[in-house]
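Since the structure comes first, as structure tokens, the remarks are kept for the end.
Please treat every number below as a calculation from the coordinates, not as lab data. These figures come from a predicted structure and were not determined experimentally. Ideal geometry is used to build each Cβ from the backbone, glycine not excepted, and the neighbour counts take in all protein chains shown.
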Amino acid sequence: MPAARRRAVARVLAAALVTAGLSAPVSAQGAGFLSMGEAPPVVTLDQERLFADSAFGRRVTATVEEAARTLAAENRALEAELVAEERALTDARPSTPPEEFRRLADDFDARVEEIRAAQEAKSRAIGAFRDAEQQRFLEVALPVLAQVVFETGAVAVLDTRAIVLSIDEIDITDRVLARLDSEVGDGDGPEVPALWPDLPEPPAAPVRPMPRPSGPSAPGGPPLDLPQADDSGD
């Protein structure tokens, strides 16, 4: 999770926990800490593991990885197709009138740009899907997290990466994970954003045949005046 998003998550969690603390009575455990004059209880949370190890996060990761593999395979196939088309165009140049060749070359360049734009749109769509699902995860995880924190009587949640030393007993990551998987599951449903929105498909190769270069292998072409090999041994 990027640093900017982590900071945003931390702010959201902090605000939500403050709100929960103001709107709900202090638990017996929390009241005991406060009444005895001891330090208020603090718990820790591994935010990255909360997403990565949850059923929700595993579904999102698997979906994004599969989409990335599909896009990479498409890109390789399109690249091979364009290389072959460019080679055929180059081979046809000597036997193609300049005006016709320029038109074919311009059509090819335009198609390359259209394909690049279509594939880049797909790449952006994958990133947008991941970001939207991470945001939705925060929205569904926040009430669960707030409830677990309230049940522990804690008044603060610290990110484990900001802790130099702590005991395992104050880490509530596993507890929140179990509650999330039980109450939310993998989050799949009609509210999941579309991975591939209505994006333009890459243009197909032109159906017109590419002009063939003339030569010995091209029937009907003029014979080439090739130099004869010198067998005199000089």
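So the values come out like this:
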| quantity | calculated |
| --- | --- |
| Normalised contact order of the stretch 60-195, rounded percent, pairs of Cα under 8 Å and 6 or more residues apart | 32 |
| Loop GluC sites (Glu not before Pro), the stretch 112-195, which have at most 11 other Cβ atoms in a 10 Å radius of their Cβ (DSSP) | Glu191 |
| Shape of the stretch 66-197, Cα gyration tensor, a/c cut at 1.5 | prolate |
